[in-house]
Amino acid sequence: MEIKLSQCFIAVDDHDRALAFYRDALGLEVRNDVAFEGMRWVTVGSPAQPDVEIVLEPPAANPNAAPADRQAMAELLAKGMLRGVIFSTDDVDAAFERIRAAGGEVLQEPADQPYGVRDCAFRDPAGNMLRINQPRALG
């Protein structure tokens, strides 16, 4: 039996701003952008990984969530307290420059880490932390 990742979710508070960042700054392709049960179903993904999608969803997307729960999720998102994602690349310095030039909020410039990667970090427009890493040759 084989199990593979199909989709992961990133909370966003504005689909249009999120699309501009993930599509234009990161270079991901838009896979879906449709109305779904009173909400918007938006997925993006890397052209190099056609079978993996990132769903850009509003915080507390559950239509049955209590207003207090929706507010709590929105506050956590605004503080950057929800989990982010880690992308990999073969050229972290070029990715950093592309994302910074597109207006990405820099959290960390490219740096060699002791655990074998060179990485950098950004916040997306909703406040999520994204790391971009490149494996380093150790030795």
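A short reminder: the numbers here are calculations on the coordinates, not readings from a lab. Keep in mind that this is a model prediction, so the values were computed, not measured. Because the Cβ atoms are built from the backbone with ideal geometry, glycine has one as well, and the counts that use them run over all protein chains shown.
Roughly what % antiparallel, to the nearest 5, for the DSSP beta bridges in the chain?
About 70 percent, rounded to the nearest 5.
Tilt of helix 92-101 relative to the longest C-alpha principal axis of the chain, in degrees (0 to 90, nearest 10)?
Result, in degrees: 50.
Once you have the alpha carbon radius of gyration of the range 73-134, what is it after dividing by 2.2 N^0.38 Å, with N set to its residue count?
Here the Cα radius of gyration is 1.13 times the empirical estimate.
I need the per residue convex hull volume for the chain, using only the alpha carbons, in cubic angstrom as a whole number.
143 Å³
Need one number: nm distance between label points at residue 78 and residue 100, each 7 Å from Cα along Cα→Cβ, rounded to one decimal.
Going by the 7 Å Cα→Cβ label model, 3.0 nm.
How high is the FRET efficiency from residue 49 to residue 71, r the C-beta distance, R0 30 Å, rounded to 0.05?
The computed FRET efficiency comes out at 0.30.
State the answer as a single residue: which of 50, 114, 36 lies farthest towards the positive end of the charge dipole of the chain, with beta carbon charges of +1 for Lys and Arg and -1 for Asp and Glu, about the Cα centre.
114
Given DSSP loops and a limit of at most 15 other Cβ atoms within 10 Å, what is the longest stretch of the chain that contains no such trypsin sites (Lys or Arg not before Pro)?
Longest stretch, sites excluded: 5-78.
Just tell me the longest site-free run in the chain, where the sites are GluC sites (Glu not before Pro) in a DSSP loop having at most 11 other beta-carbon atoms within 10 Å.
Result for the longest clean stretch: 38-139.
Give the calculated FRET efficiency between residue 108 and residue 5 to the nearest 0.05, with a Förster radius of 22 Å applied to their Cβ-Cβ distance.
FRET efficiency, residue 108 to residue 5: 0.30.
Taking Cα atoms, how many degrees apart are the long axis of helix 67-78 and the longest axis of the chain, rounded to 10 and kept between 0 and 90?
20 degrees
At what distance in angstrom do the alpha carbon centres of the range 1-75 and the range 83-139 lie from each other?
Their Cα centres are 20 Å away from one another.
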